[in-house]
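Before any comments, here is the structure.
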Amino acid sequence: MSTSFQNIRGTFDILPDAYTEGETRIASSAEWQAVESVIDDVMRRYNYEEIRTPIFEPTELVARGVGQNTDIVQKEMFAFERSDTQYVLRPEITAPVMRAYLQHHLDQRGGVQKLFYVGPCFRAEKPQKGRYRQFHQFGVEVIGADDARADAETIASMMAIYDAFGIDDTRLRINTLGMPAARSAYVSDLVDYLEPYADELSDTSRRRLETNPLRILDTKLDHEQDLLRDAPILTDYVRDEDRAHYEEVKGLLDELDVAYDEDPHLVRGLDYYTRTAFELESPSLGAQSALAGGGRYDLLAQEIGSDEPVPAIGYAAGMERLFLALDTDRLPEPDRPDVFLAALGDDAARWVFRTTQTLRREGLHVAFDMKGRSLKAQMREANRQDATYTLIIGGNELEAEAATVKHMESGEQTEVPFAELTDYLTDRATA
RNA sequence: GUGGGCAUAGCUCAGUUGGUUAGAGCGCUAGGUUGUGGUCCUAGAGGUCGUGGGUUCAAAUCCCACUGCUCACCCCA
């Protein structure tokens with residue numbers, strides 16, 4: 001069996017069993033479910049409610065939300081046109097959530113809206129380890145609060161997810177980016193500072209001097225880090241009130257026992273971020289070391305058409321990167337059949353087929369063979385599926401109206417009258 | 001977009017200086033048990049050796065091109 005088709009570059013299939021793709025293990029569908037259910041549980045404890053938005057949006061929303069001059073908008077959008085309207089597969093979920101918040105007047109529900117999401121995003125980057133063209137993000141958006149407690153709780157909830165998976169070799173970095181005015185004043189001073197050293201900068205850093213000076217702060221080259229030691233510091237340009245807010249956030253994180261490193265060089269890639277910014281990284285991920293990142297985006301609502309400011313903070317995290325950092329042995333075992341029904345002969349096969357339905361209506365996980373195979377093959381199948389019990393039904397059992405019930409692990413067999421079968425199995429299966 | 005690496009069975013991989021019918025382990029199917037799985041034994045199915053071209057009496061093996069995958073740069077989750 002084969003086909004000339006294959007999944008599109010940078011995407012992957014999630015199969016019943018895990019498999020490897022390059023250096024990456026693609027988790028099984030059961031593992032994805034298990035991970036999502038842990039995420040759900042943490043979100044519930046932190047009192048977030050789920051929101052689901054479409055996977056495509058008007059290009060304009062993304063361009064305005066994420067920022068016209070970001071890499072995402074300039075070269076990574078999966079865009080298409082239909083009936084003179086421009087669409088994109090969403091590259092992130094914050095702008096869509098804010099769009100939904102404004103569109104449906106969620107502020108009218110009262111209080112602060114604490115939302116979370118899990119779903120696919122699309123970016124036309126060249127794939128590599130931990131980076132896909134269709135990838136999955138989960139995240140939260142807290143909309144309608146500028147209180148520092150919103151910042152601290154958001155960060156704490158993010159850490160709680162990784163705690164729940166026992167991922168502790170991480171580093172949380174935080175910073176404040178201030179408002180755009182502070183940032184642009186800072187950027188121009190930073191460029192002024194660095195330009196005399198242009199000759200000492202790497203090619204990419206010299207290019208960034210034009211395109212994205214803030215990113216130079218992120219450099220991994222030691223001699224560039226040395227250069228930056230005496231560079232102006234963003235925090236010095238930030239308004240007093242923003243700095244005070246930042247101080248408050250740090251104090252609250254301390255109160256919640258959330259450990260962090262202050263990093264005045266931390267910047268974020270999307271335009272909508274203001275004030276608090278943070279990023280969680282893990283050394284176990286390879287080149288794509290960011291597990292999650294987020295921050296405040298108090299200007300986004302107005303950017304996409306709100307007539308009044310809406311303070312908000314959130315983060316986005318990569319599911320694929322979570323899996324890279326994860327020890328899958330810690331995930332719960334997948335569900336297996338309570339009972340496998342094996343049949344000998346046509347009459348028995350008919351009885352088995354009918355009985356699957358009765359047992360399933362009682363809530364049992366029931367498997368059987370539909371290829372008319374030998375009893376031996378059916379037993380093998382029951383074993384492979386790791387069924388707890390196997391029923392053996394042949395002429396003898398039909399005549400006696402009692403099933404042979406085999407407990408697979410112990411190998412013990414007993415006769416159970418058809419009339420008592422449901423009780424017998426439900427008692428033991430749910431135990 | 002720019003570089004490096006890789007491409008042989010469903011999976012993981014052998015395959016000698018180019019040489020006859022391309023192999024192993026695992027997995028799959030079946031038999032060893034006229035009605036019994038896991039261990040064991042036996043057998044079987046499954047490959048146009050990524051594609052196209054070239055060199056040669058002869059190519060999985062050498063050369064070229066292409067495609068795909070992968071890792072890294074860039075960027076980000």
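Restricting to Cα pairs below 8 Å that are 6+ residues apart, what does the relative contact order work out to for region A:221-323? Please round to a whole percent.
18 percent
Pick from A:Ile55, A:Ile155, A:Ile313: which residue has the top mean-square fluctuation in a GNM of chain A where Cα pairs under 10 Å get a spring?
For chain A, modelled as a Gaussian network with Cα springs under 10 Å, the answer is A:Ile55.
Running a GNM on chain A with Cα contacts under 10 Å, which residue among A:Leu253, A:Leu398, A:Leu300 ends up with the highest mean-square fluctuation?
Maximum among the listed residues: A:Leu398.
Please check: in the Gaussian network model of chain A (C-alpha springs, under 10 Å), which one of A:Gln86, A:Gln113, A:Gln357 has the largest mean-square fluctuation.
A:Gln357
Can you give the charge dipole size of chain A about its Cα centre, rounded to the nearest 20 debye, using +1 on the beta carbon of Lys and Arg and -1 on the beta carbon of Asp and Glu?
1500 debye
Express the C-alpha Rg of chain A as a ratio against the empirical globular expectation 2.2 N^0.38 Å, rounded to two decimals.
For chain A, the normalised Cα radius of gyration is 1.27.
Taking H placed 1.01 Å from N in the peptide plane, check which residues at least 5 places from A:Phe56 or on another chain put their amide H under 5 Å from its amide H.
Long-range HN contacts for A:Phe56: A:Arg90.
Considering the dipole of chain A built from charges on the beta carbon (Lys and Arg +1, Asp and Glu -1) around the Cα centre, which of A:Phe122, A:Phe323, A:Leu300 is farthest to its positive end?
About the Cα centre, the residue reaching furthest to the positive side is A:Phe122.
On the protein heavy atoms, probe 1.4 angstrom, tell me the percent of accessible surface of chain A carried by carbon and sulfur.
Carbon and sulfur: 45 percent of the exposed surface of chain A.
Counting pairs of alpha carbon atoms under 8 Å apart in space and at least six apart in sequence, what relative contact order in percent does chain A give?
Once divided by the residue count of chain A, the mean separation gives 15 percent.
Any idea what the dipole of region A:339-429 comes to, in debye rounded to 20, about its Cα centre with Lys/Arg Cβ at +1 and Asp/Glu Cβ at -1?
Taking the Cα centre of region A:339-429 as origin, the dipole is about 500 debye.
Out of A:Gly363, A:Met379, A:Trp351, whose Cα points farthest toward the positive end of the dipole of region A:339-429 (charges: +1 Lys, Arg; -1 Asp, Glu; placed on Cβ)?
Farthest along the dipole direction, towards plus: A:Met379.
Take every Cα-Cα distance within region A:121-265, group them into 5 Å bins from 0 onward, and report for each bin the whole-number percent of pairs it holds.
Per 5 Å bin, starting at 0, the Cα pair percentages come out as 2, 8, 14, 15, 16, 17, 16, 10, 2, 0.
Anything over 21 Å Cα to Cα? Flag those among A:Lys75/A:Lys220; A:Lys75/A:Lys114; A:Lys75/A:Lys126, in the order listed.
Among A:Lys75/A:Lys220; A:Lys75/A:Lys114; A:Lys75/A:Lys126, the Cα-Cα distance tops 21 Å for A:Lys75/A:Lys220; A:Lys75/A:Lys114.
Provide the per residue accessible area, probe 1.4 Å, for region A:227-368, rounded to a whole number of square angstrom.
Value returned for region A:227-368: 47 Å² of accessible area per residue.
When only alpha-carbon atoms count, how far does region A:192-348 stretch along each of its three principal axes, as whole angstroms with the largest first?
89, 43, 36
Taking the convex hull of the Cα atoms, report for region A:339-429 its projected area averaged over all directions, in nm².
5.1 nm²
Only four residue types carry charge here, +1 at the Cβ of Lys and Arg and -1 at the Cβ of Asp and Glu. Report the dipole size of region A:280-431 about the Cα centre in Debye, rounded to the nearest 20. Don't jump to the answer; show the numbers that get you there.
On the way: 15 positive and 26 negative charges, 107 e Å.
Using only the charged Cβ atoms, the result is roughly 520 debye.
From largest accessible area down, sort A:Arg44, A:Arg183; use a 1.4 Å probe on the protein chains.
If we order A:Arg44, A:Arg183 from most to least accessible, we get A:Arg44, A:Arg183.
Determine which lysines satisfy two conditions relative to A:Lys376: a Cα distance under 18 Å, and not lying fewer than 8 residues away in the same chain.
Of all the lysines, those that pass the test against A:Lys376 - Cα under 18 Å, at least 8 places apart if same chain - are A:Lys406.
Could you order A:Ile233, A:Ile393 by accessible surface area, starting with the largest, using a probe radius of 1.4 Å?
The ordering from most to least exposed comes out as A:Ile233, A:Ile393.
The values are calculated or read from the model by the stated rules, or taken from the named source; none is laboratory data. Everything quoted here is computed from the prediction, not taken from an experiment. Here Cβ is always computed from backbone atoms with ideal geometry, including for glycine, and neighbour counts include all displayed protein chains. These accessible areas exclude ligands, DNA and RNA; they are computed on the full protein's heavy atoms, side chains included. Shrake-Rupley method; radii C 1.70, N 1.55, O 1.52, S 1.80 Å.
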